[in-house]
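Let me begin by presenting the structure, written as structure tokens, before commenting on it.
The values are calculated or read from the model by the stated rules, or taken from the named source; none is laboratory data. Keep in mind that what you see is a predicted model, and the values were worked out from it rather than measured. Counting neighbours? That spans all protein chains shown, and the Cβs are built from the backbone with ideal geometry, glycine included. Heads up: the accessible areas ignore ligands, DNA and RNA and are worked out on the full protein's heavy atoms, side chains in. Shrake-Rupley method; radii C 1.70, N 1.55, O 1.52, S 1.80 Å.
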Amino acid sequence: MEAEYTLYEQQMARQLKRWEIRQQMTPNVVERASKSLQTGINNLIPDKVHKTITATVKGIIQTTLFGINYIPAQEPLYDVSLADRDAKAEELLSLYKKIAAAEGAGTGAGGILLGLADFPILLGIKLKFLFELAHVYGYSTKDYRERLFILYVFQLAFSSPKKKTELLKTIKNWHVISDSFPPAAAYLDQVDWQQLQQEYRDTIDFRKMLQLVPGIGAVVGAWANFGLLEELGVAGMNCFRLRRLQDKVNIRSKEQ
């Protein structure tokens, strides 16, 4: 398969294989301890609060994925090399990390109420980044299936290792799976919103809780948001790289 690729694409293909292996590795001792602590904290939170968070995450994601406000004004990039797409993606990620860090510092300095308000704001920033990233890699978010792909990328970035294996399989086979999708409204009914929000919350809990601590909220808020965008950026770029490389092979196969 690599014979189909340019030298840069071959390098990326090998890098992606290493990334895939890391996604499916068993958590180390520190990660397991952190997960255990987060689970204990989650058990102390009233069920009513969990339901509120779930409804909030579901509402924001549904509005974002199936509204028009997040669709980038610029058209997707076509006839551009993977190397150039990656360069533009790095620039985009750098910009969004700065935006997220500034937002985290501002809400972190504002105390508990503003700190809590940071959660939905940061979620919006992440999704906006993914919409623009899709266009950098040549996929139009006017197509609802591309917005569903964004949801899978989002989940992959903030899910447990066990869930990542399943999500990665879906992402790698997207060109086949997406062709069989039902109407958008029907597909949304199949999303496990409770699991999605809990996986997301578990990943960011510790960093975002520190943001609420008086005196260090601004510094921690900037650090947390910057790091969370970095994690999302790595996952997003690699997922879209996988698709671009697969698309190239598919096109070559059809031509032969």
Lone qualifier among A87, A134, A100, A105 - being in a helix (DSSP H, G or I), over 18 Å from the mean Cα position of the chain (by Cα) and at pLDDT 80 or above: A87
Unmet requirement for I53, which otherwise passes all of (1) at pLDDT 80 or above; (2) assigned to a helix (DSSP H, G or I); (3) surrounded by 13 or more Cβ atoms within 10 Å (Cβ to Cβ): (1)
Residues satisfying the stated conditions in the stretch 70-89, i.e. open to solvent by 40 Å² or more (accessible area, probe 1.4 Å) and acidic (D, E): E75, D79, D84
All positions within the stretch 11-41 that are open to solvent by less than 50 Å² (accessible area, probe 1.4 Å), assigned to a helix (DSSP H, G or I) and modelled with pLDDT of 55 or more: M12, A13, L16, W19, E20, Q23, G40
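Every residue, every condition in (1) within 23 Å of K128 (Cβ to Cβ); (2) under 17 Å from the mean Cα position of the chain (by Cα); (3) β-branched (V, I, T); (4) outside any loop (DSSP other than H, G, I, E, B), yes or no:
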{"position": "K142", "(1), (2), (3), (4)": "yes, no, no, no"}
{"position": "Y152", "(1), (2), (3), (4)": "yes, yes, no, yes"}
{"position": "S159", "(1), (2), (3), (4)": "yes, yes, no, no"}
{"position": "K169", "(1), (2), (3), (4)": "no, yes, no, yes"}
{"position": "D179", "(1), (2), (3), (4)": "no, no, no, yes"}
